[in-house]
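Nothing in this text is a laboratory measurement; each read-out follows from the coordinates by a stated rule. Keep in mind that this is a model prediction, so the values were computed, not measured. With ideal geometry, Cβ positions are generated from the backbone for all residues, glycine too; neighbour counts draw on all protein chains shown.
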Amino acid sequence: MRFRRPHLLGLAGLDAGEIGDLLDRAESSWEAAGTAGWRAKRTPAIARLSVVNLILEPSTRTRCSFEIAEERLGAEHLSVGNEGLSLIKGETLSDTGRTLQAMGVNVFVVRHPEVGAPARLADELPGAHVVNAGDGTGEHPTQGLLDLLVMRRRWGELEGRRIVIVGDVLHSRVARSAVHGFHALGGSATLCGPRHLLPEAVGWPGATVVEDLDGALEDADAVMTLRIQRERFVAGEAVPDRAAYRQKFGLTRERVERLREDTLVLHPGPFNRDVEIDGEVIDSGRTEVWTQVRAGVAVRMAVLSVLAEADPAPEKGP
Ligand code: CP
């Protein structure tokens, strides 16, 4: 089935056909994604878009790659963050959306600290398209798609592949989207980290949960390491002893050297060098981190192009 939804709010619930459709579109934008100054022939569908990137939590990769994708497609766009909006004066996100909609904005790319905020906005703004650009510990579907794209480019298909995701899985929207997408395409995930940063496997389809990283890495097809998300903890340091954490759960040079030669090493960024991954590993060229960033532009071009052709959510009845 092709992706024909009015919004992209998560990868949970998408089937292999819908994900494959988005990945095929991203594949066709691969050259554009890596080429400075590239401009698409502006289609009538893109010309009808007016995109606002509402970036209400810090972001480098997602914000900049959406902006670059919008620029390269030729879509009207602007980006705003907390500091530039009247949210700080007490306006609700819904009223901010309605205000922008009254100016003709019809696509909202939303990064927000609260789980479900983009979905609520989608409900409240009939006629608009909403893309979840990361909602708290919820989902980060365009990140999930870009991770899938990098793996699919290497392997052709994901059926039967196993990815190890290590670190602060509990708080990771990146991990959640990756697991849903990977499972839909026939892969499985091993989730690894300190017990208090691991979820129950329930709700993480096809995933198993372990604490032994070295065992998990044996014969893995890919490993994705995650940052400890200190901003998501209510109080105190989640990992008080970083050296001990690195020893047990870090992608150290020694661990990476023990991987199969063809095991992909992924990190969504931003990374904390010498905590969850050694700086040496990043600089060695052994990882896919910069390919992931390029894939981010391709995926965001694809998502915006597909939404441009989709019917918006219908107006609600009385
Ligand atoms: N991976 C990711 O979402 O990075 P940013 O927070 O920099 O956008």
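Between helix 289-309 and the chain there is an angle of about 30 degrees, using the helix long axis and the longest principal axis of the Cα atoms.
Extents of the stretch 141-288, taken as max minus min of Cα coordinates on every principal axis and listed largest first, are 42, 34, 27 Å. Looking at the chain, the DSSP beta bridges with both ends there are about 0 percent antiparallel.
Extending 7 Å from Cα along the Cβ direction at Arg195 and again at Asp15 yields two label points whose distance is 4.1 nm. Taking every C-alpha pair closer than 8 Å and separated by at least 6 residues, the mean separation divided by the residue count of the stretch 141-288 gives a relative contact order of 23 percent. For the stretch 98-189, the calculated P(r), taken from all Cα-Cα distances in 10 Å bins from zero up to the bin holding the longest distance, is 17, 39, 27, 15, 3 percent.
Working note: Karplus 6.51/-1.76/1.60 with θ = phi - 60° gives the stretch 196-213 the couplings 6, 10, 10, x, 6, 5, 4, x, 10, x, x, 9, 10, 10, 9, 10, 9, 5 Hz, where Gly and Pro are set to x.
Within the set of other residues whose C-beta is less than 14 Å from the C-beta of Arg2, count the net charge using Lys and Arg as +1 and Asp and Glu as -1. Here the charged neighbours net out to -3.
Residues whose amide H lies under 5 Å from that of His129, counting only those 5 or more places away or on a different chain, are Val107, Phe108; hydrogens are built 1.01 Å from N in the peptide plane.
Determine which residues of the stretch 53-73 fall in the zone a paramagnetic label at Met103 would reach in this model, i.e. backbone nitrogen under 12 Å from the point 7 Å along Cα→Cβ. Correct set: 53-54. With the gyration tensor restricted to C-alpha atoms of the chain, the semi-axes of the equivalent ellipsoid amount to 33, 22, 18 Å, longest first. Placing pseudo-labels 7 Å out from each Cα toward the beta carbon at Ala40 and Glu218 gives an inter-label distance of 4.7 nm. When the helices of the chain are scored as -39500 (n - 2.57) per DSSP H run of n ≥ 4 and the total is divided over every residue, the value at 222 nm lands at -11500 deg cm²/dmol. Considering only Cα atoms, the convex hull volume of the stretch 1-82 works out to 120 Å³ per residue.
The slack between Val210 and Gln247, meaning 0.36 nm per residue of separation minus the straight C-alpha distance, is 11.7 nm.
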